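To keep things clear, I will list the structure first and then write my remarks on it.
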Amino acid sequence: MAPTEASERPSLERLLATREIMVACGPGGVGKTTTAAAAGVMAAVKHGGKVLVLTVDPARRLATALGLTGIGNKEHRVPDEAFAEAGLKSRGELWVAMLDTKQSWDDLIARHAPDEATRDEILANPLYQNISGRFIQSHDYIAMERLYEIHSEGRYDLIVVDTPPTRNALDFLDAPERMADFFSSRLLRWLIMPYRSRLVNVATKPFYQIADRILGTEFLGDISEFFILFQTMYDGFVERSRAVGRLLADRRTTFLVVSTLESVPLREAEFFAQELTSRHLHLGAMVMNKVLPEYLRGSEAADAAHTMAEQAGELGGLLSERMGPAHEPLRDSAQVTRVLKEISASFLNFQTVALREAEERDELSVAPEVMVSVPFFDTEIHDLGGLYRLGEQIWE
């Protein structure tokens, strides 16, 4: 069989050419947000079209990386001048947005309320004023709503979604179903029962008496009013949650899992990848970030390090003899010997880590369509040029 041509090998470039949504997931602190932004940059530069990077991670790193300030629910285009300053020419447009939970909830209420009066009552309800920060699953649920809304509008060729760290990302996936379950739960029915009807039976009366003492009648009234109003939109919530589920499982959507090869984050990433597979969601790619270079694993390099350590005294003496007055520190052969031993020991320590990384990668129990290793960058990625350099590592 002829070897696979480079252009036919699985790559992130080929994967994203056939997708409309890519959801980036992974543990915290592994470069997930930066990788998602880099993928968006590459898609805009190489594929053209309109690309949106939507972050639902509360950390505001995306704006800094793209050189923007004040991004929120409204999408902002990265100006052509920013690409030019980085020495790049984009074939398409790159847009960015960060989820504003409160604004998204307001828009959702306005869109799904059965009438203006119900909309205004919900928005004015005291409990609703704190919904963005305290209501169960509010952030995760509204993130899915926002993704679905943007995709339905059809204004972007590709949407790259940056999610919260792994365990919270599962909440992100489960939020629509959990929200629908909550609005049909027994607890909710108990809370609103006395406000729907004056009839409170003997069995439930103690519950309301205790609740009144602890929470206060006014607060219980606010809760009940809020949820009675909210239940007028229940059918819309259920239908939308099903539509979101269908979108995530659609062939147009793929998932990118980002990790390092350190044991703890890699196990988390593996866990999430397994969850995606068990839910029949498409595991398109895994990016192993901050990987030590391959040459560290070579046996010849290890032999050289061992030899340098064993012959450090002799090598130190030779180097000291050849150094002139301009290299005074190197004229102390004992000092040079110590440095050579430290260098060889440091190399062998790095080799141990590099071999452990390779072993961790080989033992992964999941097999994505694309597997990419990204080397450890010497400098922090903080601008569009840095994102492009990272993008080149993951693209082909």
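The values are calculated or read from the model by the stated rules, or taken from the named source; none is laboratory data. What you see is a predicted model; the values in this text were computed from it and never measured. Note: ideal-geometry Cβ built from the backbone for every residue, glycine included; neighbour counts use all protein chains shown.
Scan the range 246-260 and report the pairs whose first residue is among the charged types (D, E, K, R) and whose second residue is part of a helix (DSSP H, G or I), with Cβ atoms within less than 9 Å and a gap of 6+ or a chain change. Sorted first by the residue in the range 246-260, then by its partner, the pairs are Arg252/His151. Could you run through the range 15-48 and say how many residues are in contact with a strand residue (DSSP E or B) (Cβ under 7 Å, 6 or more places away or on another chain) and either part of a loop (DSSP other than H, G, I, E, B) or not β-branched (Val, Ile, Thr) (or both)? Of the residues in that region, 18 qualify. Scanning the range 348-392 for residues that are surrounded by 19 or more Cβ atoms within 10 Å (Cβ to Cβ) and in a helix (DSSP H, G or I) returns Gln351, Ala354, Glu357, Leu384, Gly386, Leu387, Tyr388, Leu390, Gly391. Only one of the numbered conditions (1) in a helix (DSSP H, G or I); (2) at pLDDT 85 or above is not met by Gly316, and that is (2). Check the range 80-98 and report whether any residue there is surrounded by 16 or more Cβ atoms within 10 Å (Cβ to Cβ) and without any contact (Cβ under 8 Å) to a residue 40 or more places away in the chain. Checking the range 80-98: not a single residue is surrounded by 16 or more Cβ atoms within 10 Å (Cβ to Cβ) and without any contact (Cβ under 8 Å) to a residue 40 or more places away in the chain. Of the residues making up the range 283-295, those that are outside any helix (DSSP H, G or I) and either over 16 Å from the mean Cα position of the chain (by Cα) or closer than 17 Å to Thr34 by Cα (or both) number 9.
The set of residues in the range 260-279 being under 21 Å from Asp174 (Cβ atoms), part of a helix (DSSP H, G or I) and not polar (S, T, N, Q) consists of Arg267, Glu268, Ala269, Glu270, Phe271, Phe272, Ala273, Glu275, Leu276.
Out of the range 246-281, which residues are among the small types (Gly, Ala, Ser) and buried (at least 16 other Cβ atoms within 10 Å of the Cβ)?
Selection gives Ser259, Ala269, Ala273.
Can you find a residue that is modelled with pLDDT of 85 or more, closer than 21 Å to Asn289 by Cα, more than 13 Å from the chain's Cα centre (by Cα) and not in a helix (DSSP H, G or I) anywhere in the range 90-100? Within the range 90-100, not a single residue is modelled with pLDDT of 85 or more, closer than 21 Å to Asn289 by Cα, more than 13 Å from the chain's Cα centre (by Cα) and not in a helix (DSSP H, G or I).
Between a residue in the range 289-316 that is over 20 Å from Ser259 (Cα atoms) and any residue that is surrounded by fewer than 13 Cβ atoms within 10 Å (Cβ to Cβ) and aromatic (Phe, Trp, Tyr), which pairs come within a Cβ distance under 9 Å, given they are 6 or more apart or on different chains? Partner pairs satisfying both residue conditions: Ala301/Tyr295.
Listed residues Val353, Val370; which is touching a strand residue (DSSP E or B) at 6+ places or on another chain (Cβ under 7 Å), of a type in the set (A, V, I, L, M, F, W, C) and either at pLDDT 85 or above or not assigned by TED's automatic domain parsing to the domain that holds Thr33 (or both)? Write out each step before concluding.
Details: Val353 fails: touching a strand residue (DSSP E or B) at 6+ places or on another chain (Cβ under 7 Å).
Answer to the check: Val370.
With the structure loaded, tell me whether Ala169 is under 16 Å from the mean Cα position of the chain (by Cα) and either buried (at least 18 other Cβ atoms within 10 Å of the Cβ) or modelled with pLDDT under 85 (or both) or whether it fails that test.
Working: under 16 Å from the mean Cα position of the chain (by Cα): yes; either buried (at least 18 other Cβ atoms within 10 Å of the Cβ) or modelled with pLDDT under 85 (or both): yes.
Judged against the criteria, Ala169 is a match.
A single member of Val53, Val23, Val30 is modelled with pLDDT under 95, farther than 19 Å from Glu270 by Cβ and within 18 Å of the chain's Cα centre (by Cα), and it is Val53.
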